[in-house]
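Step one of this worksheet: look at the structure below.
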Amino acid sequence: MDFSVVVEYFPRLLEGAWVSVQLVALSVVLGALVALPIALARISQNWWIKGFPYAYIFFFRGTPLLVQIFLVYYGASQFDVVRESFLWPILREPYWCAIIAFTLNTSAYTAEIFRGAIQAIPEGEVEACKVVGMTKAQMYRRVLLPRAFGIVLPAYGNEIILMLKGSALASTITILDLTGMARTIIARTYTPIEIFLAAGGIYLAISMVIIAIFRQVEKRQNRYLGTVSIKVPDKG
Amino acid sequence: QETIRFATEGAFAPFNYMDNTGKPVGFDVDIAHALCKDLKAKCEIVTQDWDGLIPGLKVHKYDAIIASMSITPEREKVVAFTNKYYSGGVRFMGLVGKNFNLKDLSGKTIGAQRATVAAQYLEDHYGKTANIKLYDNQDNVYLDLESGRLDIVLSDELPTYNWLKTSGKGGKFEFKGKAFLKTDRIGIAVRKGDTKLKDQLNKAIKDIRENGTYQKINAKYFPFSIY
Amino acid sequence: MIDLHGFGDQLLQGALITVELAMASLGVGLVLGLLGAAAKLSSIAPLRWLATIYTTIVRGIPELLTVLIIYFGATIVLMAIASQFGYDDYIEVGPFTAGVTALGLTFGAYATEVFRGALQSIPKGQHEAATALGMGAFRKFQRIILPQVWRVALPGLGNLFLVLLKDTALVSIVGLDDIMRKANIAVSSTKQPFLFYATAAIMYLLLTIISMVVVTWLEKRASRGMRRG
Amino acid sequence: MSKAPALELIDIHKTFTDVEVLKGISLKAYDGDVISILGSSGSGKSTFLRCINLLENPTKGEIIFNGESLKLTSSGRDLAAADMKQLTKMRQQIGFVFQSFNLWPHMTVLQNVMEGPSHVLKRPKHEVMDYAEHLLNKVGIADKKHMYPNQLSGGQQQRVAIARTLAMDPQVILFDEPTSALDPELVGEVLGVMRKLAEEGRTMLIVTHEMSFAKEVSSEVVFLHKGVVEEKGTPDKVFNSPDSERCRTFLSSTY
Amino acid sequence: MSKAPALELIDIHKTFTDVEVLKGISLKAYDGDVISILGSSGSGKSTFLRCINLLENPTKGEIIFNGESLKLTSSGRDLAAADMKQLTKMRQQIGFVFQSFNLWPHMTVLQNVMEGPSHVLKRPKHEVMDYAEHLLNKVGIADKKHMYPNQLSGGQQQRVAIARTLAMDPQVILFDEPTSALDPELVGEVLGVMRKLAEEGRTMLIVTHEMSFAKEVSSEVVFLHKGVVEEKGTPDKVFNSPDSERCRTFLSSTY
Ligand SMILES: Nc1ncnc2c1ncn2[C@@H]1O[C@H](COP(=O)(O)OP(=O)(O)OP(=O)(O)O)[C@@H](O)[C@H]1O
Ligand SMILES: Nc1ncnc2c1ncn2[C@@H]1O[C@H](COP(=O)(O)OP(=O)(O)OP(=O)(O)O)[C@@H](O)[C@H]1O
Ligand SMILES: NC(=[NH2+])NCCC[C@H](N)C(=O)O
Ligand SMILES: [Mg+2]
Ligand SMILES: [Mg+2]
């Protein structure tokens, strides 16, 4: 094996890594925003309200991200209505297609994490809200959501790392993220092992950074919180 | 009886593509079978994504690549090629009625298949000015051209010629400008040092050219000689 | 019925391969997971380090890369090892083998944590009751601990299996004829990406539903007597 | 006592799945009353208390607070509040202290106490703060005001919970076994605080197993058994000459 | 009493991290002895009991079972079994009943009882089954044999645990507060079973807080305090005229 190619192409790999980081950051933030209402609706007892979030979550957690990307990128553009719509300027860009697919995907997982967190809040704390006469909105704003954000952290950190790994699939729709860049480099050098290993190392490093950040944040949370753990949903 | 394991891609009609039973077919595949027959060898054909073909050959996943691969100096650094079994050349293609200044495509979105001669040409000549998009396979290039994501594509002339003739979107797209890189020769790649196989294949290519098999296959796909 | 342009059979064959790949990887992954958990809980420090390195690396690298690295790298490594023993022939690592290895490694790394958590969740009293009865370490593990570990680990493992099932799609990139690749081929030839990717999605959903039913059934079985009432 | 009762419960029933846990319980509490509710485990004490402010929906019955009847509407087999506003308002005036404290762990002691008055009653912040500090002082943990609940002992947490309830200035306070989750050494702290409240003339309903405490502070004692009021009267009567055989055995076994 | 003791502990010491919890405890139990071990919380009773069959490794001391000394070897600061076979064999003959029952939740009652004799002693299955049913009958829960532990009350679980121990036909049985995890009503059930065992002449060491029970069934009572034997003698002596002041206060506060 010849690792001099790694040295030579390292700057380009870093360029790709930067794209990956952007993709992940953007979709994770958007995903969280989408996830919140979905999680809240999903908690409802009413089938009319929880039906859609249920199906939404089920679809995005039950199918491979690869399929979702292809559906958004190639599938949607097959239809003239889509191409003639005002959305086309966004949907024509692979970058935005990736963001859309990732956001939809991660929001389904994040919604489940939020739901788990809200439901992990001990019933007694909820009752304590009721007996001081809080309305439902006050209860969510003052106690449930702040509590849930604390509980959610470890699972959410995991989800970000899973999203980082999932983002490698952006390379299948012409995006030069870290994996895409690696594949492009390999197209010239024909040294797949060396370049893929190097890319793997960079992914590893990024996830370490994410883990370290979350450790810090969690430490601050644990100042006051007893450990409440929730089930971490799966990912694919 | 010896077995020769050929790899092809399966997404480069009419040279190699999949029929709806999941079997690879096309000009390249026909040639492979003809060569094997000539060499009295058993033919095994596997498929592999384009950018994995050469890496796969290097790690012995198969013995030869017959996938409309151009003989280029870069590739010759890592694999060896037989003599050509047809001649290539690339050409731009785009929407009918849309005109381009092919010398200067700045600001345009150009598509090509990753790790092809066309892709490399684009990167080298338009990389700084145009927006170049590289795809895993040629079919996806066509899909994005149809959807309007691409302004123009560059690819091998012959498969594009075929696509223009057969695609359902017939008549909407046309070649832009003349073909170039006409000296491009398409060969079969084998591992470096596998000279025995290379020599056998070269002999077989010569044989089928002489006994008319090649011409029959050619006629199946193109009304003109592509050698 | 939807018109699949004659690719219906192909997709079904792909589903079969997907299932085979998932099951084989599950087997490999479970073994790796148990070994990993045992290593992590071992009193031998190097074993713990080894297990930690394994889980950290595998869980930090995209599955897609793992698949690619194994597909292109395994042959080289294996042949290098084999040639040490004077065996110089080609060793085939096809897409299926590479897929099983990569997905098995991934599943194993996550399962290590699941098993470790489950092992640690067994109350100390359960060990002590067995010890006080004069059970040896092996018998205790086999008769008392493992059956309880299964029950605790099952939901976690079920989740991991669903992940695994979807990850099989990645192996299509190195040419395994699974659902995903069959769909790609169909798209190439019919130019109907939406139809075929949506069909693929539905097939994965069906497989997911079936897996969930099986896992629920297993959980019920494993928790016989564990709930009050 | 010609005044109307502060809180009146009429014929409260509650059925869980298929067991009738409360079989018609009525009770009147006048201002200043301290009513202890005794009974063996499972007799329905908590359920009754929780039905009062609809933490549990009763199956049947009527709840009258300050002469105003709580509007109920049937929801499935149970009754639910018909007017959420009315319920919310009533809850603001009826305090509830839980066995397991249920402090909000993400807020400091002070924030826990201030939460209700400032965010529910929307009183001005500095006023609320002064009052909260006064209350924390009263329950004896003013020095812990910037700590988080998880940093306190059970007895301290329960005293915070009581301060949190008092901060709403409730007219009636319901206590559900406020000391039974505490280690024996800590029980005294909390009973001390409650004794003070009784002396102040607060209206309280207390579910408890602390017999001597109940005997000492109550104006009335109610003994529940299998969902009915089996015995009821002054502490002296109930503890020293109960009519009911059941009550006698219960008291002799635990008192 | 010229016979050798069934179980003899000599000068057992145990240090955790930096606290010496047992400071040299010796004790002899002859066949048929019922020895109760009393002491306040933290005095080291459980630790002592657990050192006997090496659930806890003692720091110093000797354990002699049926005249055979348990081979120990030093491991870190503590002593550990030098001969696992010998230890395992000894454990099979010394039963241990835990405060928290520790039944195996994945096995039915019957399976729990049969596990030891059939998988450790490898006795033939039908014989074991008969004996297990006999024992379950004896502790009064034969009718629950196909239930799982979680479906039983605490008292029932503890009786199963006793049957599980008896099934090994142990020569000596150690009980570590067998009733203290039980609700008051359930304590009686378990004490009843233990009383029967005492009457049968079983050799038992019992850590307990049930004073009247200890007084009634014991042949000897040992009072531990801060890791030493502070008082020891017949129940009459220890309960009615203890030498130690400590013992007196302890008994007066709890008895
Ligand atoms: N949510 C519920 N669902 C079903 N049954 C319930 C529920 N809550 C309580 N019960 C049952 O109702 C009965 C009365 O319970 P409750 O908690 O009111 O008793 P309690 O008198 O407070 O007892 P304790 O002194 O143990 O707190 C019990 O038999 C209990 O099992
Ligand atoms: N594993 C351990 N590590 C450190 N200290 C321990 C450990 N186990 C017990 N101790 C300490 O040893 C002392 C004696 O404990 P032990 O459990 O033997 O008391 P006990 O007499 O059984 O009390 P109780 O009546 O509460 O069960 C206590 O101070 C306890 O904190
Ligand atoms: N199977 C294919 N997709 N072949 C593309 C070949 C393109 C060109 N002839 C090259 O070698 O670069
Ligand atoms: Mg209660
Ligand atoms: Mg103890």
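The values are calculated or read from the model by the stated rules, or taken from the named source; none is laboratory data. What you are looking at is a predicted structure, and each value in this text was computed from that prediction instead of being measured. Here the Cβ is made from the backbone with ideal geometry for all residues, glycine too, and neighbour counts use every protein chain on show. Remember, those area values only see protein heavy atoms, side chains included, never the ligands or the DNA or RNA. Shrake-Rupley method; radii C 1.70, N 1.55, O 1.52, S 1.80 Å.
Figures for the structure shown
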quantity: Assigned charges on the beta-carbon of Lys, Arg, Asp, Glu; chain D dipole about Cα centre (debye); calculated: 480 debye
quantity: Residues of region A:163-204 with amide N under 20 Å of the 7 Å Cα→Cβ point at B:Lys77; calculated: A:181-199
quantity: Contact surface A-D: accessible area buried, both sides summed, square angstrom, 1.4 angstrom probe; calculated: 2000 Å²
quantity: Dipole magnitude of chain C, debye to nearest 20 (Cβ charges: Lys/Arg +1, Asp/Glu -1, about Cα centre); calculated: 1420 debye
quantity: Loop chymotrypsin sites (Phe, Trp or Tyr not before Pro), region B:191-225, which have at most 13 other Cβ atoms in a 10 Å radius of their Cβ (DSSP); calculated: B:Phe224
quantity: Gain in span if fully extended, A:Arg141 to A:Phe58, counting 0.36 nm per residue against the direct Cα distance; calculated: 27.1 nm
quantity: Pairwise Lys count, region C:8-222 - Cα closer than 30 Å, eight or more residues apart or different chains; calculated: 11
quantity: Computed FRET value (nearest 0.05) for A:Leu33 with A:Phe149, which takes r as the C-beta separation and R₀ as 22 Å; calculated: 0.95
quantity: Global form of chain A, assessed from the alpha-carbon gyration tensor, a/c cut-off 1.5; calculated: oblate
quantity: Acute angle (nearest 10 degrees) that the helix B:195-211 long axis makes with the longest principal axis of chain B, alpha-carbon atoms; calculated: 80 degrees
quantity: Alpha-carbon centroids, region B:51-127 and region E:54-131: separation in whole Å; calculated: 74 Å
quantity: Rough spin-label spacing in nm, given labels placed 7 Å along Cα→Cβ, for C:Leu206 and A:Phe86; calculated: 4.0 nm
quantity: Label point 7 Å beyond Cα along the C-beta direction, distances from E:Glu245 to other copies (nm, shortest first); calculated: 5.1
quantity: Inter-site label distance for E:His209 and D:Glu127 at 7 Å from Cα along Cβ, in nm; calculated: 4.9 nm
quantity: Exceeding the 24 Å Cα-Cα cut-off - candidates B:Lys40/B:Lys198; B:Lys23/B:Lys178; A:Lys136/D:Lys89; B:Lys176/B:Lys216; calculated: B:Lys23/B:Lys178; B:Lys176/B:Lys216
quantity: Carbon plus sulfur fraction of accessible area for region A:4-224, probe 1.4 Å, in percent; calculated: 68 percent
quantity: Cross-link pairs E:Lys122/E:Lys144; A:Lys165/B:Lys133; D:Lys60/D:Lys138; B:Lys58/B:Lys196 - those with Cα-Cα distance over 28 Å; calculated: D:Lys60/D:Lys138
quantity: Accessible-area composition of region C:8-222, carbon plus sulfur, in percent [1.4 Å probe]; calculated: 70 percent
quantity: Test item: Cα-centred dipole of region A:4-224, Lys/Arg +1 and Asp/Glu -1 on Cβ, debye; calculated: 640 debye
quantity: Residue (of A:Met139, A:Ile185, A:Asn46) at the positive-pole extreme of region A:4-224, dipole from beta-carbon charges; calculated: A:Met139
quantity: DSSP beta bridges in chain E [antiparallel fraction, %, rounded to 5]; calculated: 60 percent
quantity: For the axis carrying chain D to chain E: nearest C-beta residue of D, whole Å; calculated: D:Pro184, 7
quantity: Listed residue (D:Ser41, E:Gln171, D:Met114) projecting farthest to the positive dipole end of the protein assembly as shown, Cβ model; calculated: D:Met114
quantity: Qualifying trypsin sites (Lys or Arg not before Pro) for region E:106-163 [loop in DSSP, other Cβ within 10 Å: at most 15]; calculated: E:Lys122
quantity: Farthest toward positive dipole pole in chain B [+1 Lys/Arg, -1 Asp/Glu at C-beta], among B:Thr47, B:Phe224, B:Phe175; calculated: B:Phe224
quantity: Highest average packing first - C:99-108, B:187-196, C:164-173, Cβ atoms within 10 Å; calculated: C:164-173, C:99-108, B:187-196
quantity: Degrees separating the helix E:184-200 axis from the principal Cα axis of chain E, which is the longest one; calculated: 90 degrees
quantity: Region A:35-43 - phi-based ³J(HN,Hα) in whole Hz, Karplus 6.51/-1.76/1.60, Gly and Pro as x; calculated: 5, 4, x, 5, 4, 5, 5, 5, 6
quantity: Chains A and C, summed buried accessible surface - 1.4 Å probe, Å², nearest 100; calculated: 3200 Å²
quantity: Inter-copy spacing of D:Asn137 label points, which lie 7 Å from Cα along Cα→Cβ, given in nm from shortest upward; calculated: 7.3
quantity: Mean residue ellipticity (222 nm) of chain E, computed from DSSP H runs ≥ 4 via -39,500 (n - 2.57), nearest 500; calculated: -10500 deg cm²/dmol
quantity: Percent accessible area from carbon and sulfur atoms, region E:7-253, protein chains only, probe 1.4 Å; calculated: 48 percent
quantity: Qualifying chymotrypsin sites (Phe, Trp or Tyr not before Pro) in region A:44-91, DSSP loop, other Cβ atoms within 10 Å at most 15; calculated: A:Phe79, A:Phe86
quantity: Net charge, B:Val96 excluded, C-beta distance under 9 Å - Lys, Arg +1, Asp, Glu -1; calculated: +1
quantity: Length-normalised contact order for chain B - Cα pairs under 8 Å, 6+ apart - percent; calculated: 28 percent
quantity: Per-residue SASA entry for E:Lys23, accessible area with 1.4 Å probe, Å² rounded to 10; calculated: 90 Å²
quantity: Inter-copy spacing of E:Ser41 label points, which lie 7 Å from Cα along Cα→Cβ, given in nm from shortest upward; calculated: 1.7
quantity: Pairwise FRET efficiency - A:Asn46 versus B:Lys84, Cβ, R0 = 56 Å, nearest 0.05; calculated: 0.20
quantity: Computed label-point distance, nm, for sites E:Met147 and D:Ser252 using a 7 Å Cα→Cβ extension; calculated: 2.9 nm
quantity: Eligible aspartates and glutamates near D:Lys28 by straight Cα distance, threshold 13 Å, same-chain separation 8 or greater; calculated: D:Glu8, D:Asp11, D:Glu62, D:Glu220
